[in-house]
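The values are calculated or read from the model by the stated rules, or taken from the named source; none is laboratory data. Computed from a predicted structure; not experimentally measured. Heads up, the Cβs are rebuilt from the backbone with ideal geometry, glycines too, and the neighbour counts pull from every protein chain shown. These area figures cover heavy atoms from the full protein model, side chains too; ligands, DNA and RNA do not enter into them. Shrake-Rupley method; radii C 1.70, N 1.55, O 1.52, S 1.80 Å.
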Amino acid sequence: MSAGLDRRRHGSVLEVVLDRAERRNALSRALLTEIRQVFTDLPEDVRAVVLTSSDRVFCAGADFADLTGTSADLDYDRDLEDACSAIRNSAVPVVAVVDGACVGAGVELATSCDVRIAGPKAWFRVPAVELGLLYNPASIRRIHSVLPRTTITRLLVLAERFDADDALRSELVTHTADGDPREHALTLAERLAGLPRDALAATRFLLHHLDEGRYDDVEWQGTRIRLMDSPDRHAAVAAASERHGTPAS
């Protein structure tokens, strides 16, 4: 029995739905474990994932039923980090759709995705300091590497609320959608699913490594050369040459 996830296939795109409306899609430890498992064991024919929610709330944050208000909550932190790491390290790009409240741990979940699309009702807030908490330093370090310092101050120190437009300006999200953000995300995911898989994966992983302060020039130049000699690269160049009326060499 699911801890609160639904899965829907759209061809080569998998939609993963947070589906705990009775708990406002709060992230229980069981749900975090299921998220980790889903993103770790994606079917081979899945080429992109869209993370959505079934309720008016994207995610209310951590499930307080699983928190103690003591250092025992480090176990929750580990489960959240494992779920977010599985999203970041997934073999395919992940697009998050937020249209409603995205609070606390939900913000960390969303910012682990490659693309974040905010609908007109989206808002974001991390009230950790109001709960007497230093947010997980490892999580802050990761967020610090991908978001502007001013945004992090407003998010974590001031515990401000960001609406969709403010979230876009502050780089919490990559896109906003005036209409149905889910449809926008599915269209984008279908386009991503049609791109050469190995080149897309290598580009994502390089960016993640740079976010973490890691870079091995020999490794990545070798990866680039391998991709330059790949069948996908040859086919893509041949197709582009044909479109431009220039025979491929």
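Just flag the GluC sites (Glu not before Pro) in segment 1-109 sitting in loop per DSSP whose Cβ has no more than 12 other Cβ atoms within 10 Å.
On the way: sites: 15, 22, 34, 44, 81, 108; in loops: 44.
Hits after loop and neighbour filter: 44.
Count charges around residue 148 for me, please; just the other residues with Cβ under 13 Å from its Cβ, Lys/Arg as +1, Asp/Glu as -1.
Working: positive: 149, 154, 169; negative: 166, 171.
Here the count lands on +1.
Which percent of the accessible area of segment 51-206 is formed by carbon and sulfur heavy atoms (probe 1.4 angstrom)? Could the numbers behind the result be given before it?
Working: 3800 of 7000 Å².
The computed percentage sits at 54.
Tell me the relative contact order for segment 60-109 as a rounded percent, counting alpha carbon contacts under 8 Å between residues six or more apart. Display every interim value, and only then the final one.
Numbers: 23 pairs, mean separation 34.0, N = 50.
Contact order relative to length: 68 percent.
When only DSSP loop residues count, what chymotrypsin sites (Phe, Trp or Tyr not before Pro) in segment 172-249 have their Cβ near at most 14 other Cβ atoms within 10 Å? Show your work: numbers first, answer last.
Working: sites: 205, 215, 220; in loops: 215.
Sparse-neighbourhood loop chymotrypsin sites (Phe, Trp or Tyr not before Pro): 215.
Restrict the search to segment 129-198; then list the GluC sites (Glu not before Pro) that DSSP places in a loop and that have at most 16 other Cβ atoms within 10 Å of their Cβ.
Details: sites: 130, 160, 171, 183, 190; in loops: 160, 171.
Taking segment 129-198 and a limit of 16 other Cβ atoms within 10 Å, the loop GluC sites (Glu not before Pro) found are 160, 171.
As I understand it, the dipole of the chain uses +1 on the Cβ of Lys and Arg and -1 on the Cβ of Asp and Glu, about the Cα centre. Which of 26, 215, 195 lies farthest toward its positive end?
Toward the positive end, the furthest listed residue is 195.
Of all DSSP beta bridges in the chain, what percent run antiparallel (nearest 5)? Numbers along the way, then the final one.
On the way: 8 of 28 bridges.
Roughly 30 percent of the beta bridges in the chain run antiparallel, per DSSP.
Based on Cα positions only, what radius of gyration and what Dmax would you give for segment 139-181, in angstroms?
When restricted to Cα atoms, segment 139-181 yields Rg and Dmax of 11.2, 34 Å.
Compute the relative contact order of the chain as a whole-number percentage, counting only Cα pairs closer than 8 Å that sit 6 or more residues apart in sequence. All intermediate terms of the calculation are to be shown ahead of the outcome.
Values: 409 pairs, mean separation 41.9, N = 249.
Relative CO of the chain lands at 17 percent.
Along the principal axes of its C-alpha atoms, what lengths does segment 47-107 span, in descending order and rounded to whole Å?
That gives 40, 28, 14 Å along the principal axes, largest extent first.
What value does the chain have for Rg/Rh, both radii from Cα atoms and Rh as Kirkwood defines it?
Details: Rg = 19.2 Å, Rh = 19.1 Å.
For the chain, the value is 1.00.
Along its three principal axes, how long is segment 1-65 when you only count alpha carbons? Whole Å, largest extent first please.
Sorted largest first, the three principal extents are 36, 22, 19 Å.
log10 I(q)/I(0), Debye, Cα-only segment 98-236, no solvent, q = 0.18 Å⁻¹?
Results for segment 98-236 at q = 0.18 Å⁻¹ read -1.05.
Please list the three semi-axes, largest first and in whole Å, of the ellipsoid equivalent to segment 8-114, using sqrt of 5 times the eigenvalues of its alpha carbon gyration tensor.
On the way: eigenvalues 106, 49, 23 Å².
For segment 8-114, the ellipsoid semi-axes come out as 23, 16, 11 Å.
Per residue, how much accessible area does the chain show when a 1.4 Å probe rolls over the protein heavy atoms, in square angstrom?
52 Å²
Working only with C-alpha atoms, what are the Rg and Dmax values of segment 129-204, expressed in angstrom?
16.1, 46
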